[in-house]
Amino acid sequence: MCTKGAFPHRSASSLPLTCVHTYIVCVPVLGSVPWGMKLQCVSLWLLGTILMLCSVDNHGLRRCLISTDMDHIEDSFQEIKRAIQAKDTFPNVTILSTLETLQIIKPLDVCCVTKNLLAFYVDRVFKDHQEPNPKILRKISSIANSFLYMQKTLRQCQEQRQCHCRQEATNVTRVIHDNYDQLEVRSAAVKSLGELDIFLAWIAKNHEVTSSA
């Protein structure tokens, strides 16, 4: 007798069957079973196990959807990039790219790191930066609003439990905050804004992005 979700193997000897629930095939109960039948049953069990593991792996590595207009954000940044970077008084110091921090992040940590970096920019960088130029300020405000919207759409991954924060992701976030704290607040904000293209390129590479239009 089998429960729903099992895949029974029907033998010619009509032996009673015992089942392991979903994804595992049924195997004959103890008795005299031909070697060929045992081999076939084991092969089916291995196939079911492999399919199950592949399903779990794909679910874990699935990239989160971010609903926003990335082209608009990138265009806004390009318009102010030169002006922002010209204010950087520490050209040989980096915050985001130290030790290629973002390049070593594993797929399972992408959602958590994205969430943390969006919060880093929204809660620290944009608030710490003091911009006297109204035109540049409008562009920065537009980018900040887009980041807030990304935070909102990213919550779907959290609701689907696809945004686990492992120790590796926490360590990466801590390194970036430590780099930021080593500079004076205004200098750190300017430096982080000047490196915004690194973060935007990383988002485009590691996320499925859909247009919000």
Q: Could you tell me which of rounded, prolate or oblate describes segment 153-213, using a ≥ b ≥ c as the square roots of the eigenvalues of the alpha-carbon gyration tensor, with rounded for a/c under 1.5 and, failing that, prolate when a/b is larger than b/c and oblate otherwise?
A: oblate
(Q) Show me the trypsin sites (Lys or Arg not before Pro) within segment 153-186 that DSSP assigns to loop and that have at most 13 other Cβ atoms within 10 Å of their Cβ. (A) R161, R166
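Under a 1.4 Å probe, what is the accessible area of segment 95-206 per residue, stated in Å²?
Values: 5670 Å² over 112 residues.
Here the per-residue accessible area is 51 Å².
How much of the accessible area of segment 90-164, in percent, comes from carbon and sulfur atoms when a 1.4 Å probe is used?
Working: 2180 of 4220 Å².
For segment 90-164, the apolar C and S fraction of the accessible surface comes to 52 percent.
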Q) How much solvent-accessible surface does C64 expose, in Å² to the nearest 10, with a 1.4 Å probe and all protein chains in place? A) 10
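The values are calculated or read from the model by the stated rules, or taken from the named source; none is laboratory data. None of these values were measured; they are calculated from a predicted model. Note that each Cβ is placed from the backbone with ideal geometry, even for glycine, and that neighbours are counted across all protein chains shown. The area values use the complete protein model at the heavy-atom level, side chains included, leaving out ligands, DNA and RNA. Shrake-Rupley method; radii C 1.70, N 1.55, O 1.52, S 1.80 Å.
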